[in-house]
Amino acid sequence: MSITFITLLLIAFFLLIVPAILYNSLVRLRVRVKTAWSQIDVQLKRRHDLIPNLVETVRGYAKHERETLENVTKARIQAINATNLREKASSENILTGTLRSLFAVAENYPDLKANQNFLNLQEELTTTENKIAFARQFYNDEVMRYNTAIQTIPRNIIARMFTFTESDFFELEDPREKALPEVKF
Amino acid sequence: MPFSFIDIETKQSRKIILLFLTLVIFYFIGFLLIYSASELTIFIESIRGSHQWHKTHSILPSFQTILILLATSFLAALVHWMLSIRNMINRMLSVIRAKPIDPEDRYHLLFKNIVDEVSVATGGIKIEPYVVASRYLNAFALSDFHGRSIIGISEGLLLKMNRRQLEGVIAHEAGHLVWDDCLPATVSCSMAAVYAGLLRMIVSDQERARLPASLPLMVAVFIMRFLTLFLNTWISREREIRADATAVRLTRDPLSLAEPLYLISRDWRGDFLPSDELAPIFIVNPIERKLEESYGMFADLFTTHPPIRKRIDILLDMGHTDFKTFEPNVKEKAKIQDEIPISVPKEEKTWYALNGKIWQGPFSPSELSSLKWTDPFTWMTRAHDMKVRSAFEFEEINSLFKKRLSSHLPVYTCPACKNSLERVYYEGVPIWRCKECKGRLVKTEQLSRIIVREEMMFTEQLKEKVKQVRLSSLKNKGRYIKEPPSALTCPACGNIMHRTFYRAVHPYHMEIDTCRMCSLFWLDQDELEIIQYLTQGRL
């Protein structure tokens, strides 16, 4: 076996096998980002499904808060109709804001606060919001891994060849971040 | 680290082989030690002159013997493996006395929700929530080869922690699941258990027959026991810290774990374990020892968990704070005051119904539909309205009857005063209460949960009643005040209830009515609180 043959083999290896491995790893990362996104979508849909029920329950007790209730309904429709990621993020933020004011209004109605149905819905919404936050966190982690991969050597070359584009982070106002205590540095 | 359950599954098979090989090696070392020990015994005996020492004997085993030992240890490992993985989780759950959650219980629901949330954060590991009905503060995680994962928590912890703190605890356990720590821990636990059992057997034999010959054997098993314990503890200690770190990665909130750790360290973790071997699966060692909280190499070798203070310090460091500012800010959850009725639409009592030949009332619509003697054909009327019709002709009542038919909840009437029972949450447990006489219908398992919870505040009035119960039980010395059988019928099956003494309040005597077939208790007004008061601080 001559040296040239071995060099040829090595070159073939570097030209074919290594790019294939790198390409596969990129595809795997991209699929992961997609799976992580679908998790967020599931949770967002769950939240949208809960809201009509909540609005109905509150309406039964607080008939004079029509404006607040309508805001929530409007924000929900907007959130459902949002198509791209950035639109989704902003409309979800608005929805979170309107829900917060709805719960603030509910504080004024002791009967409503004692209603089991309302309490259940409140707990459901809290857990769904936490799930959204966690799913978002998982998604952003995956996006970070993917984006780092397509920007660093050697995978950036493959990424450019096969047009792997950077994914967007999903920025939301995190309800859990608000609850955290102040940390002093 | 693995990023999702898919990676865990691919890693699983490699891990299983590794674990099995470890098991084989352990058995081999064990057999080798036992073999040399027995040879040594024969040697000692021969020196004494009671036994012939052949030239073929040697304390070091020959190649052939090693092969035989290897084969035997392989077989033993195989048997052990089969035994330990068969039904592994269920056996461990029964040892810990963990039960699946009750989806109607408010605390259990909260627990389930948080487990689901954390499961989302891990990228979708499917986790089953389990609960142990006891007052100690601890949590654990289990998993097996079929990808079944369990996170369990004690009622005590579930009660004393707020939502954020629970999230920290569950994230720590989920950290174990993400790293797949539980599987080797479970197998190594069962491994250690074998040696511990063997040692116990030998020791008891020793006491019975005083066999000096088994001394080397005992030493061999003793060494094996310590070796497995090392393995156990060494694996466990490293893992706790790693799981703490993963918990922070999942929740992004180091204090949410530091706080429960601090609260647990000041409370009771429970020494309910049949042996030390199960300790590694818990968040803090259930068996409290001085050694556990000390530093140094010796402690490192012999304890399953790192000192809690060390773990808290690491977490506080991540949260950029220190123990002095952290400690005064940790607060326990506030107690709740009252029973919460489930769904209380306000209704006016304006309805009358014909029971046989007597008009009864006034009732609210929901009361009417839940009375046992009413049906859609009962004659009914409204106050200030002279029309008398069948119930189904009133739309309002008819819809309630329809709802009652479609709901899975049974309709009960009070055994004492025959009014309808309503559903209420008592300390988060859904029970039945009579609106009029305030008696309560409780399932047996619910009662044990209520006893653990201790959330109600006790009024002075109640304390007075407790005093009376104590006095009367001293006076009557175990005789019934009201003679059995009781005059009450079970709301569920209609049979006559049994009048018995409630066992958990011993040495005091409290008579309560129970239906053993339906495992239901009927408690008169305040009796539930009295039971709680008398069982305070007990297991």
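Computed from the coordinates by the stated procedures, all read-outs in this text should not be read as laboratory data. A quick note: this is a predicted structure, and the numbers were derived from the prediction, not measured. Because the Cβ atoms are built from the backbone with ideal geometry, glycine has one as well, and the counts that use them run over all protein chains shown.
Working from Cα pairs under 8 Å separated by at least six residues, relative contact order for region B:412-539 is 27 percent. Can you figure out the FRET efficiency of B:LEU474 with B:LEU70, using R₀ = 51 Å and their beta-carbon distance, to the nearest 0.05? My answer for the efficiency is 0.15.
Want the number for A:TYR109 to A:VAL27: 0.36 nm per residue separation, take away the alpha-carbon distance, what's left?
Working: separation 82, 0.36 × 82 = 29.52 nm, distance 5.30 nm.
Contour length minus the Cα-Cα distance gives 24.2 nm.
Of the DSSP H helices in chain A, those with a Cα length along their own long axis of 24 Å or more and a mean Kyte-Doolittle hydropathy reaching -1.0 comprise A:18-61, A:85-106, A:116-151. Computing FRET efficiency as 1/(1 + (r/R0)^6) for B:ASN495 and B:SER94, where r is the C-beta to C-beta distance and R0 is 25 Å, gives about 0.20. Suppose we look only past 30 Å in the calculated P(r) of chain A. What percent of the Cα-Cα pairs does that tail hold? Distances greater than 30 Å cover 41 percent of the Cα pairs.
Taken one residue at a time, the phi angles of region B:139-149 give Karplus couplings (6.51, -1.76, 1.60, θ = phi - 60°) of 8, 8, 9, 9, 8, 9, 6, 8, x, 7, 10 Hz. Gly and Pro are set to x. Distances between placed amide hydrogens fall under 5 Å for B:TRP268 paired with B:LEU137, all partners being 5 or more residues away or on another chain. Near B:ASN355, the amide H atoms lying under 5 Å from its own belong to B:GLN360; only residues 5 or more places off or on other chains count, and H is placed 1.01 Å from N.
Label separation (B:THR350 vs B:GLU445): 4.4 nm, computed from points 7 Å beyond Cα along the C-beta direction. Per-residue Karplus couplings for region B:411-425, computed as 6.51 cos²θ - 1.76 cosθ + 1.60 with θ equal to phi - 60°, are listed in order as 9, 10, 10, 5, x, 8, 10, 6, 7, 6, 8, 10, 7, 9, 8 Hz, Gly and Pro entered as x. Computed packing ranks the peptides A:142-152, B:157-167, B:123-133 as B:157-167, B:123-133, A:142-152, most packed first, by mean other Cβ atoms within 10 Å.
Separation of the alpha carbons by more than 31 angstrom is noted, of A:LYS131/B:LYS324; B:LYS126/B:LYS160; B:LYS438/B:LYS475; A:LYS74/A:LYS113, for A:LYS131/B:LYS324. Using a simple spin-label model with pseudo-atoms 7 Å out from Cα toward Cβ, B:MET82 and A:ASP49 lie 4.6 nm apart.
Starting with the highest mean, order B:29-39, B:383-393 by the number of other Cβ atoms within 10 Å, averaged over the residues of each peptide. Numbers along the way, then the final one.
Values: B:29-39: 18.3, B:383-393: 12.2.
The packing order, highest mean first, is B:29-39, B:383-393.
For B:THR489, the residues whose modelled amide H falls within less than 5 Å of its own, excluding neighbours fewer than 5 places apart on the same chain, are B:MET497.
Quick one: if the Förster radius is 56 Å, what FRET efficiency do A:THR152 and B:GLU327 give, using the C-beta to C-beta distance and rounding to 0.05?
Working: r = 44 Å, r/R0 = 0.78.
Calculated value: 0.80.
Taking A:PHE138, A:PHE118, A:PHE14 in turn, the Gaussian network model of chain A (Cα-Cα springs below 10 Å) assigns the largest fluctuation to A:PHE14. Each label was represented as a point 7 Å from its Cα along the Cα-to-Cβ direction; for A:SER101 and B:LYS387 these points are 4.5 nm apart.
Estimated translational diffusion coefficient (Stokes-Einstein, Kirkwood radius over Cα pairs, 25 °C, 0.890 mPa s) of region B:412-539: 164 µm² per second.
Converting phi to 3J(HN,Hα) with the Karplus coefficients 6.51, -1.76 and 1.60 and the offset θ = phi - 60°, region B:66-80 yields 4, 4, 4, 4, 4, 4, 4, 5, 4, 4, 4, 4, 4, 4, 4 Hz in sequence order, with x at every glycine or proline.
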